[in-house]
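The values are calculated or read from the model by the stated rules, or taken from the named source; none is laboratory data. Small disclaimer: the values here were computed from a predicted structure and weren't measured. With ideal geometry, Cβ positions are generated from the backbone for all residues, glycine too; neighbour counts draw on all protein chains shown. Only protein heavy atoms, including side chains, enter the accessible area calculation; ligands, DNA and RNA are left aside. Shrake-Rupley method; radii C 1.70, N 1.55, O 1.52, S 1.80 Å.
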Amino acid sequence: MSECFLSSTPQLEIQPSGSGQLVRLSGNWGAAALTQRGVWRELKGPMRQAAQLSAATWDLTAAQGFDHVAAQLLWTTWGQKKPHALTTNDTQAAIIERVAQLTVAPKTDGRAHNGVLESLTKLGEMLFAGIGHAMDMLQLVGQLLLDTFKLLRRPLRGPWHDFSGHLYRMGAQALPITALVGFLIGVVIAYLLALQLRQFGAETFIVNILGISLTRELGPLLAAILVAGRSGSAITAQIGVMRVNEELDAMRVMGIPQGFRLVLPRTLALALAMPLISLWTTIAALIGGIWASDVALDISPAYFIQTFPAAVDVANLWLAMAKSVVFGVAIALIGCHWGLAVKPNTESLGSGTTSSVVTSITAVIIIDAIFAIIFRSVGF
C-alpha cells in the first residue's frame, strides 16, 4: 500500500542532458495529489529550483492525471510563458494552451516601483483631500452665516425644538462625566505641584498655579476634548445614519434646507453649552485641587478661596469663556461636515465618526494654541 502511494506522488527531477538540463515530471500530477500539504512541502523546493533554469527542457509525458491545476502551477512557475523546450502529449498541450489563454495577467499601473515616488504620490493625494475638506468646511461656514441671518430676520421660524433637544443632550447630560474628569485632573495636578513646591518652601504659590492653569487653559481644553469625543462623534453618527437611511435625500426632495435644520441648531446649542461646560469643569477641577492642597500641603480651603481672586485675574475667565464658544462652534461644524460626507454604507459611517473625533480634538488644540499666542499678555 505504501509503494502504491509513493508511485502516485508527483515527482520533479532535474537531470543533465546533452543540450543543457532536463526537467522531468513523473507520478500523479492531479489536483488531489498536489493539494496535499506534505506533498507540496516536498515539491515546492524542486519547483523553485527548476523555475530558475532559463534554458531547460521540460518533459511532461510521464506525468499522470495531468489536469488544469497542474497546468496552472507550471504556468505560474514558468512566469506565464512557455519554457525554452517543452515535451508533452496532445492532452497536456491542450490543457496548457487553455490555461495560457484564460490566465489574466496582474494589472500594473505602468510605473516602476519607486518608494520615494509612491510616498510623494500619497502625500499629494492627502494634500488634495485636505484641500477638498477645507473647501467643504468653508462652504459650511458660509451657509451657517446665511442661516444665522435668516434666523435673526425670522426668529419665530427657527428650529428651537431641535435646539433645546441638542442643548440638553450636549450640555446637561455631559455634566457628570466632565465634573468627574475635572475633579480627578485637579487632584492629580495639585499632588504633582505639591511634590515640587514643598522642596522650595513655595507651597502658597499653588493657588496661583492651579488657578491660572485650570481657569485659563486646562479647564476649557479638557472640557472641549471631552465634548469632542462625546458630542462631536454623536453629531457625525446622527447625520451619518440619516445618510445611510436616505433621510438626507428625502429632505432634499422635500425642499427642507439641511443647513438650517441640521447644522444651525447643533452649532448654536454647542456654542451655548460649551462655555457652561467649561466653567463647570473648571470649578470641579478647582475643587479637586483645593481638596488635594489641603491634604498634601495643609493649605485650608478658606485660604485658597480667599487668595484665589487676587491670584487669578478675571480676564482669564472671560478669555476661557470666549475660546470655549469657538471650541463649540468648531466641534459642531466638524461633526456636521463629516456626517454630511458619510456615504450610504456602514464602513463609511464608522470611518467618518473616527475622523470627526480626531479632527475635532486636533482643531481644539490648534485653536487653543492660537488663543494662547494672540492673548498671551491678557490676564497677567
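Close Cβ contacts (under 9 Å, 6 or more residues apart or on different chains) running from residues in the range 333-347 that are within 8 Å of residue 240 (Cα to Cα) to residues that are basic (Lys, Arg) and open to solvent by less than 10 Å² (accessible area, probe 1.4 Å) are absent. Looking only at the range 243-270, residues that are farther than 15 Å from residue 157 by Cα, of a type in the set (A, V, I, L, M) and under 27 Å from the mean Cα position of the chain (by Cα) come to 5 in all. Candidates 161, 166: the one that is part of a helix (DSSP H, G or I) and out of contact with any Lys or Arg (no Cβ under 6 Å at 6 or more places or on another chain) is 161.
Output the residues belonging to the range 182-220 that are more than 13 Å from residue 290 (Cα to Cα) and modelled with pLDDT under 85. Residues satisfying the conditions are 195, 196, 197, 198, 199, 200, 201, 202. Of the residues screened, residue 338 is not one that is under 19 Å from residue 219 (Cα atoms), at pLDDT 90 or above and open to solvent by 10 Å² or more (accessible area, probe 1.4 Å). Within the range 216-240, the set of residues being open to solvent by 10 Å² or more (accessible area, probe 1.4 Å) and either over 18 Å from residue 186 (Cβ atoms) or not hydrophobic (A, V, I, L, M, F, W, C) (or both) comprises 216, 217, 229, 230, 233, 234, 237, 238. Per the listing 371, 304, 327, 308, the residue uniquely under 29 Å from residue 194 (Cα atoms) and within 37 Å of the chain's Cα centre (by Cα) is 371.
Residues are listed down the side, and each one gets a yes or a no for (1) out of contact with any Cys (no Cβ under 8 Å at 6 or more places or on another chain); (2) open to solvent by less than 60 Å² (accessible area, probe 1.4 Å); (3) touching a residue at least 60 places away in the same chain (Cβ under 8 Å); (4) not in a helix (DSSP H, G or I):
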residue: 259; (1), (2), (3), (4): yes, yes, yes, no
residue: 272; (1), (2), (3), (4): yes, no, yes, no
residue: 275; (1), (2), (3), (4): yes, yes, no, no
residue: 291; (1), (2), (3), (4): yes, no, yes, no
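Being closer than 19 Å to residue 335 by Cα and surrounded by 12 or more Cβ atoms within 10 Å (Cβ to Cβ) is a property that holds for residue 144.
Considering every residue within the range 56-65, establish whether at least one is open to solvent by less than 80 Å² (accessible area, probe 1.4 Å) and in contact with a His (Cβ under 8 Å, 6 or more places away or on another chain). Within the range 56-65, one or more residues are open to solvent by less than 80 Å² (accessible area, probe 1.4 Å) and in contact with a His (Cβ under 8 Å, 6 or more places away or on another chain).
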